[in-house]
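Since the structure comes first, as structure tokens, the remarks are kept for the end.
The values are calculated or read from the model by the stated rules, or taken from the named source; none is laboratory data. Remember, predicted model here, so these are calculated numbers, not experimental data. Here the Cβ positions follow ideal geometry from the backbone for every residue, glycine too, while neighbour counts run over all protein chains shown. Please note that ligands, DNA and RNA were not included when accessible areas were found on the heavy atoms of the full protein model with its side chains. Shrake-Rupley method; radii C 1.70, N 1.55, O 1.52, S 1.80 Å.
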Amino acid sequence: MYAMGVSTRAMGDYVQEMYAMEISPAEISRITDSVLPAVQECRNRPLETVYPFIFLDCMFFKVRVNGAVDTRAIYNILGVDIEGKKMYLGFIVQKMKGPICVVHQIRCSMRYVPDRDKKAVMEDMKPIYKANNEEQGYQRLLAFEEKWAKKYPLTCKSWLDNWLNL
């Protein structure tokens, strides 16, 4: 919240509302001031040239912008180096426009599939998101659509509609 410019008073109000705990703006300032050196150290540390694995996770927050409440997507980025050590790489804040990731796409598209077919549909969906490149993934999506579109048209339509963003 501090990094996004939220006031200490607003942070205190948030803590009160969410956790029923009172914390003064002065205490919030003391806490943020105490972590600033660690934040600066983290920001200035050297990064590896290569991270074989990168994980992105998104959280949504309501923030006040120019007097209005808006939703922001905060993407946390975690890298795993060549030795297998996890390192927090940073975060990106973006105005929410319905960010789509494969996990959310799978969850959303499985809503239209009854339990009896979920396992089979999931197995046929895996080759799509495990493809080596976009073209291969799209070909696998077309094969998935050919097999499942008559039975679950909304599942297939969801993947096709979101393909360019996925």
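Summary table
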{"read-out": "Reachable aspartates and glutamates, given that their alpha-carbon falls under 19 Å from the alpha-carbon of LYS151 and they are not under 8 places away in the same chain", "value": "ASP115, ASP117, GLU123, ASP124, ASP161"}
{"read-out": "Net charge of neighbours whose Cβ lies under 13 Å from the Cβ of ARG140, counting Lys and Arg as +1 and Asp and Glu as -1", "value": "-3"}
{"read-out": "Carbon plus sulfur fraction of accessible area for the chain, probe 1.4 Å, in percent", "value": "55 percent"}
{"read-out": "Net charge over other residues, Cβ less than 14 angstrom from the Cβ of LEU154 (K, R count +1; D, E count -1)", "value": "+2"}
{"read-out": "Relative contact order (%) - criterion: Cα under 8 Å, at least six apart; region: the chain", "value": "12 percent"}
{"read-out": "Partner lysines for LYS157 [C-alpha distance under 23 Å; skip if fewer than 8 residues away on the same chain]", "value": "LYS97, LYS118, LYS119, LYS126, LYS130, LYS147"}
{"read-out": "C-alpha long axis of helix 153-162 to longest principal axis of the chain, angle in °", "value": "50 degrees"}
{"read-out": "Where the chain is the region considered: accessible area per residue in Å², 1.4 Å probe", "value": "73 Å²"}
{"read-out": "Within a Gaussian network of the chain (alpha carbon springs, distance under 10 Å), most fluctuating of GLY79, GLY90, GLY12", "value": "GLY12"}
